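Since the structure comes first, as structure tokens, the remarks are kept for the end.
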Amino acid sequence: MAHQTDLAVETGEVRTEAFEMESPHAMGNINEPSTDNMANIATVEPIPPNGGYGWSWAVMMAYYATHPKEMPASFFEYSLVGGLSISAAMIISPLVTIVRRRIGLRLTLILGSVLLFISLLTSSFATEIWQLFLSQGVCFGVGMGLSYISGAAVLPPWFTSRRSLAVGCATAGVGIGGLVYSIASNVLVEEVGIRWTYRILAFCGLGANLLAAFLLKEWGGRAQPDMRLDEERFDPRDFGRIEILLLIAWGFATDLGYVILLYSLPTYASSIGLTPAQGAMSSALLNLGMALSRPLIGYISDSFGRINIAGILTFLCTISCFGLWLPATTYAPLLVFSLIGGALCGVFWCTITPVMAEVVGIQKLASTFGSLCIAMALPTTFGGPLAMQIAGSGESLKFTEAQLFVGFMFLTGTLSVWFLRCWQIFKVEMEQGDNSTTTFSASLSLVT
């Protein structure tokens with residue numbers, strides 16, 4: 001499934017680099033959950049992995065940019081198509097669990113697979129940008145939401161400990177898969193053209209997704225029928241809770257910085273005099289860092305505290321932007337930043353599910369996650385176009401602005417996690433104080 005790729009367009013030259021929005025959901029060990037909790041975990045909605053054949057969109061976007069007669073549109077409109085495919089999956093996330101309960105996991109996955117197939121197949125016949133908005137944007141996003149959000153929830157219930165590590169290992173292929181698909185798509189476009197590339201990807205995706213739909217198996221069968229639907233529904237009141245607002249602030253800031261980094265890095269490589277091949281290598285190392293870091297992040301989150309690790313990694317990403325990216329004016333330092341930055345910049349999607357489980361509890365995780373996804377629709381939709389506006393000119397001043405903006409976005413995310421940790425400690429202390437008062441009152445009543 002899928003997140004998009006980045007396009008670097010400069011005078012007389014177009015390059016494509018694969019990137020991902022990160023697949024998150026390391027559910028973490030929720031302190032050895034009981035059998036009842038395991039049934040509840042089965043309905044938790046993970047997040048699009050931003051890998052797989054959705055990565056091919058950057059290749060398509062680059063082709064359209066250099067062949068305007070095929071699809072007359074601006075770069076801004078092309079980047080909106082990519083953002084819309086992710087935001088559509090985000091927006092429907094509160095509905096996915098309900099659909100899964102109504103028709104079952106297998107039928108939900110099959111429905112998503114068919115929609116993804118229709119999306120890519122109809123995109124091969126598109127001749128105007130509004131058609132791509134409907135096919136590659138809306139239809140693809142809905143199919144991705146049904147397929148990935150349903151399928152990725154299958155793994156966590158099979159584990160009672162080291163769940164973050166297990167999910168991290170399973171999602172480590174996102175970066176590698178993105179690289180493979182973008183390279184394959186690029187070769188196909190050169191060999192058979194844009195339209196047959198879409199069709200080949202459509203049939204390959206349909207085969208792989210249907211195979212997964214028939215092989216995936218839920219722990220203990222279907223979700224328990226006594227699970228309350230009110231715990232699964234989107235609740236607008238979530239936006240009035242301080243802890244949820246802090247999570248949204250963390251996600252909004254880091255997601256915006258993350259997308260701008262991914263969009264602007266290839267063009268930045270060209271602006272400092274590097275060749276397209278060297279720019280591609282920096283993007284490849286970024287994806288490699290994403291792939292290698294995921295199991296490690298899951299392991300240390302299980303071992304040292306999920307909120308603590310989330311805050312530390314977000315802060316380290318801030319340091320890498322200011323300390324490594326800003327002074328990187330030659331090839332070697334840029335490669336170092338690409339590898340380290342890739343390992344850190346997607347920390348939000350790597351850790352949000354286990355962090356949220358600690359903040360709201362496992363039974364409210366599904367509905368609260370739906371609220372968060374709706375809030376994340378804005379940065380996922382407009383992050384790419386904003387990056388185009390900030391770094392599109394290729395001027396060094398513009399890239400300095402982009403670098404500073406990305407760094408301060410991750411700094412904002414760091415502060416949000418720090419305030420969240422303080423708020424959680426405050427709530428625990430308040431609960432302990434209330435319990436002490438209740439115990440004292442009960443003892444006093446017994447004495448009197």
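Could you check region 247-270 and list, in sequence order, the residues that are surrounded by fewer than 20 Cβ atoms within 10 Å (Cβ to Cβ) and either within 22 Å of the chain's Cα centre (by Cα) or at pLDDT 80 or above (or both)?
Ile248, Ala249 - these are the residues of region 247-270 that are surrounded by fewer than 20 Cβ atoms within 10 Å (Cβ to Cβ) and either within 22 Å of the chain's Cα centre (by Cα) or at pLDDT 80 or above (or both).
Does Leu286 count as closer than 24 Å to Pro379 by Cβ and over 18 Å from the mean Cα position of the chain (by Cα)?
The answer is no for Leu286.
Restricting to region 67-91, name every residue that is of a type in the set (D, E, K, R) and crowded, with 24+ Cβ neighbours inside 10 Å.
Those that are of a type in the set (D, E, K, R) and crowded, with 24+ Cβ neighbours inside 10 Å: none in region 67-91.
Take Ala212 and tell me if it is of a type in the set (Gly, Ala, Ser), over 30 Å from Leu326 (Cβ atoms), in a helix (DSSP H, G or I) and at pLDDT 80 or above.
Spelling it out, Ala212 is indeed of a type in the set (Gly, Ala, Ser), over 30 Å from Leu326 (Cβ atoms), in a helix (DSSP H, G or I) and at pLDDT 80 or above.
Is it true that Thr412 is at pLDDT 85 or above, surrounded by 18 or more Cβ atoms within 10 Å (Cβ to Cβ) and over 20 Å from Pro327 (Cα atoms)?
The answer is yes for Thr412.
Do we have any residue at all in region 319-338 that's of a type outside the set (Val, Ile, Thr) and in contact with a Lys or Arg (Cβ under 7 Å, 6 or more places away or on another chain)?
No, that holds for no residue.
Mind checking whether some residue in region 417-429 is at pLDDT 80 or above, hydrophobic (A, V, I, L, M, F, W, C), surrounded by 18 or more Cβ atoms within 10 Å (Cβ to Cβ) and within 15 Å of the chain's Cα centre (by Cα)?
No, because not a single residue in region 417-429 is at pLDDT 80 or above, hydrophobic (A, V, I, L, M, F, W, C), surrounded by 18 or more Cβ atoms within 10 Å (Cβ to Cβ) and within 15 Å of the chain's Cα centre (by Cα).
Kindly indicate whether Leu179 is surrounded by 14 or more Cβ atoms within 10 Å (Cβ to Cβ), at pLDDT 75 or above, under 30 Å from Leu324 (Cβ atoms) and under 18 Å from the mean Cα position of the chain (by Cα).
no
Going through region 327-336 one residue at a time, which ones are out of contact with any Leu (no Cβ under 8 Å at 6 or more places or on another chain) and either without any contact (Cβ under 8 Å) to a residue 40 or more places away in the chain or closer than 12 Å to Gln403 by Cβ (or both)?
Within region 327-336, Pro327, Thr329, Ala332 qualify.
Given the conditions (1) under 18 Å from Ala166 (Cα atoms); (2) surrounded by fewer than 24 Cβ atoms within 10 Å (Cβ to Cβ); (3) under 18 Å from the mean Cα position of the chain (by Cα), which single one is not true for Cys350?
(2)
The values are calculated or read from the model by the stated rules, or taken from the named source; none is laboratory data. Please read all numbers here as calculations on a predicted model, not as lab measurements. Using ideal geometry, Cβ is built from the backbone for each residue, glycine included, and neighbour counts are taken over all protein chains shown.
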